[in-house]
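Coordinate-derived values only; no laboratory data. Nothing here was measured: the structure is a model prediction, and the numbers come from that model. Note that we place each Cβ from the backbone using ideal geometry, even for glycine, and neighbour counts take in every protein chain shown.
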Amino acid sequence: MITPQEGRTTVLDGRASAERVRAEVAGQVQALVARTGRRPGLATILVGDDPASQVYVSNKRRACAAVGIRDLHRLLPADIAESEAAAVLDELAADDEVTGILLQLPLPEHLDRRDLLERIPAEKDVDGLTVASAGLLAQGRDGLRPCTPAGVLRLLDDYEIPLRGAEVVVVGRSELVGRPLAQMLLQRDATVTVCHSRTRDLAEVCRRADVVIAAAGVPRLLSASAVRPGAVVVDVGIHREQGGLCGDVDHDAVIDIAGHLTPVPGGVGPMTIAMLLANTVRAARLQFG
Ligand code: NAD
């Protein structure tokens, strides 16, 4: 457990938690190499030269290398034909050296994200975004889980925040965050409510929660009226504004109301890459036997 900081609201330190995950993964990689003589390898695939995606992918590659995972990156031209991109994915899927495949999104408009993702075998799907991985999660079966929801749960676990029987409100129902997170919380025996853009009285629903998780992609959507005193508030949102980064929660408004709060930056963000590493070593362990 991480010792809470002084003051009324405990700030959940995602950087510290992510560092712990990375150290664990580094140890697991070493043990795996010692036991099997094989090293996990992550193929990140970047199509084109979108600047934000370039930064995300280079961060992922650097994080992999730092824990001993092989960096098997592929850069594909922005105008690549769908059939050629599919062939690259098929080749990586068949390559034993590649234990994890991550197709960086978004893709150029002429490429079909769903068709390409489906070429990633479930056991190499370290982003947890294929239909097979989503199906395993929906049925509560073992599988690789999307990294951001997995990071949220790991952060809550590190602070020993109880989820069994807890009222948890997830704001957002995206394929990437809200929806899988709600299912993972159900698996942890939470009582889960999912809010979205058509929810009638968002603040009223959120106020019922022991744990509120904001993943709506709307800057400062949740304010004081949405937080019950002492509630745990997790902010998944990231928005770049003139004054710096902000999240989906108005931090100044809730700081003395929430019992726990994740900062932006330094909360959920660092957990996402850490969980990608954890997924990559887990995938390798399953493949190496
Ligand atoms: P998305 O746009 O795909 O989904 C947003 C969801 O929020 C939708 O389901 C929508 O119904 C709901 N929503 C939108 N407006 C709402 C409103 N006014 N009230 C209630 N619900 C509303 O976004 P996403 O990919 O799930 O990402 C959400 C946020 O999390 C974004 O800010 C994104 O940048 C951030 N994000 C952060 C990380 C990380 O590593 N920290 C990872 C992924 C996404």
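Summary table
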read-out	value
Residues of segment 83-123 with amide N under 20 Å of the 7 Å Cα→Cβ point at ASP49	85, 104-111
Relative contact order %, segment 147-270, counting alpha carbon pairs below 8 Å whose residues are six or more apart	22 percent
Most to least packed among 236-246, 165-175, 69-79 [average Cβ atoms within 10 Å]	165-175, 69-79, 236-246
Mean separation of Cα contacts under 8 Å, 6 or more apart, over the residue count of the chain: relative contact order %	22 percent
Lys/Arg +1, Asp/Glu -1 at C-beta; the chain dipole; positive extreme among ALA216, VAL29, VAL126	VAL29
Linear extension gain, ARG62 paired with ASP142, 0.36 nm per residue minus alpha-carbon span	26.0 nm
Neighbour cut-off at most 13 other Cβ (10 Å), DSSP loop, trypsin sites (Lys or Arg not before Pro), segment 93-149	ARG141
Fraction of antiparallel bridges per DSSP, segment 147-270 only, in percent to nearest 5	15 percent
For a label point 7 Å along the Cα-to-beta-carbon line of ARG20, residues of segment 240-282 with backbone N under 18 Å	260-263, 266-279
Helix-derived mean residue ellipticity, 222 nm - over the chain, DSSP H n ≥ 4, -39500 (n - 2.57), to 500	-12500 deg cm²/dmol
Relative contact order (percent, whole number), segment 1-89, Cα cutoff 8 Å, 6+ residue spacing	28 percent
Computed over segment 208-261, Kirkwood Rh from alpha-carbon pairs, angstrom	10.9 Å
Estimated dipole of the chain in Debye, rounded to 20 [Cβ of Lys and Arg +1, of Asp and Glu -1, Cα centre]	680 debye
